[in-house]
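Only one structure is covered here, and it is reproduced in the block below.
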Amino acid sequence: MRIEEMIVVEGKNDTLTLKRWFDCDTIETNGSAIPEVILERIALALERRGVIVFTDPDFPGEKVRKVIDQEVPGCAHAFLPKADATDHKKRKVGIEHAGFAALKAALNAARSSTMELPADFDPVPFSRLMEAGLIAGADAKKRREQVGELLGIGYNNSKQLVKRLEQFRISVEEFEVAMKQLEKEQNE
């Protein structure tokens with residue numbers, strides 16, 4: 001499977017894993033302190049081919065994602081559920097531990113991020129997030145994790161959830177479909 005966009009990953013092992021399954025090119029950040037030359041390379045790739053940011057579902061991965069989003073806005077983002085990226089024997093989390101199906105699903109669900117909201121965009125109301133048990137409550141963290149996976153926007157804390165829903169232009173309709181799916185899964 002050929003992936004036209006450049007894929008930004010954290011390291012060599014991520015590149016090796018992706019190249020095992022896909023015909024693709026990567027840019028490695030080699031950690032969360034991204035040098036200016038790498039940011040320039042990402043900006044050029046965005047202009048010429050498009051970019052998918054595909055970092056590990058952990059704190060350093062989120063840090064890399066935030067830096068790129070701030071310095072090179074407009075990249076697409078792929079999110080891998082933590083469960084699909086965990087090597088339980090080594091107790092490590094990373095893209096390099098994921099299988100083909102999970103990687104393919106995450107890359108196919110990549111969404112573009114942009115900071116400017118269009119005038120006609122109707123965000124999910126904060127009151128609806130509260131009502132859905134995503135902001136406060138005993139199961140809020142678990143519910144945010146599940147809805148993040150369903151929407152393809154990764155895990156978010158309460159503050160990040162509001163931002164990511166807007167950033168990835170998650171419509172009220174999309175949100176409600178995900179919530180129905182979440183409720184269905186919890187009732188099974």
**Asked** Using Cα atoms only, what is the angle between the long axis of helix 36-48 and the major principal axis of the chain, expressed in degrees (0 to 90) to the nearest 10?
**Response** 80 degrees
**Complete:** Heads up, region 58-150 by the C-alpha gyration tensor (a ≥ b ≥ c square roots of eigenvalues; a/c under 1.5 rounded, else a/b over b/c prolate, else oblate) looks oblate
**Complete:** Binned at 10 Å from zero, the C-alpha pair distances of region 108-184 give percents of 19, 59, 21, 2
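How big is the equivalent ellipsoid of region 1-58 along its three axes, where each semi-axis is √(5λ) from the Cα gyration tensor, reported in whole Å from largest to smallest? The partial results should precede the final answer.
Working: eigenvalues 59, 47, 13 Å².
Over the Cα atoms of region 1-58, the ellipsoid semi-axes are 17, 15, 8 Å.
If you count, for each residue, the other Cβ atoms within 10 Å and average over each peptide, how do 60-67, 38-45, 150-157, 181-188 line up from highest to lowest? Show your work: numbers first, answer last.
Working: 60-67: 18.9, 38-45: 17.1, 150-157: 20.5, 181-188: 10.6.
Sorting 60-67, 38-45, 150-157, 181-188 by mean packing, highest first, produces 150-157, 60-67, 38-45, 181-188.
Using Stokes-Einstein with the Kirkwood hydrodynamic radius over Cα pairs, what translational diffusion coefficient do you get for the chain at 4 °C and a viscosity of 1.567 mPa s, in µm²/s rounded to a whole number? Write out the running numbers ahead of the final one.
On the way: Rh = 17.1 Å.
Approximately 76 µm²/s, per Stokes-Einstein.
Within region 19-118, what is the number of lysine pairs with alpha carbons under 20 Å apart, leaving out pairs fewer than eight places apart on the same chain?
7
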**Message:** I need the per residue convex hull volume for region 13-112, using only the alpha carbons, in cubic angstrom as a whole number.
**Reply:** 94 Å³
**Prompt:** What does the charge add up to near residue 172, with Lys and Arg as +1, Asp and Glu as -1, over the other residues with Cβ less than 10 Å from its Cβ?
**Reply:** -3
**Request:** Along Cα→Cβ, 7 Å out, is where each label goes; now give me the distance between the ones at residue 139 and residue 32 in nm to one decimal.
**Result:** 3.1 nm
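No value in this document is a laboratory result; all are computed from the given coordinates. Treat the numbers as computed from the prediction; the structure is a model and nothing was measured. Cβ: placed from backbone, ideal geometry, glycine included. Neighbour counts: every protein chain shown.
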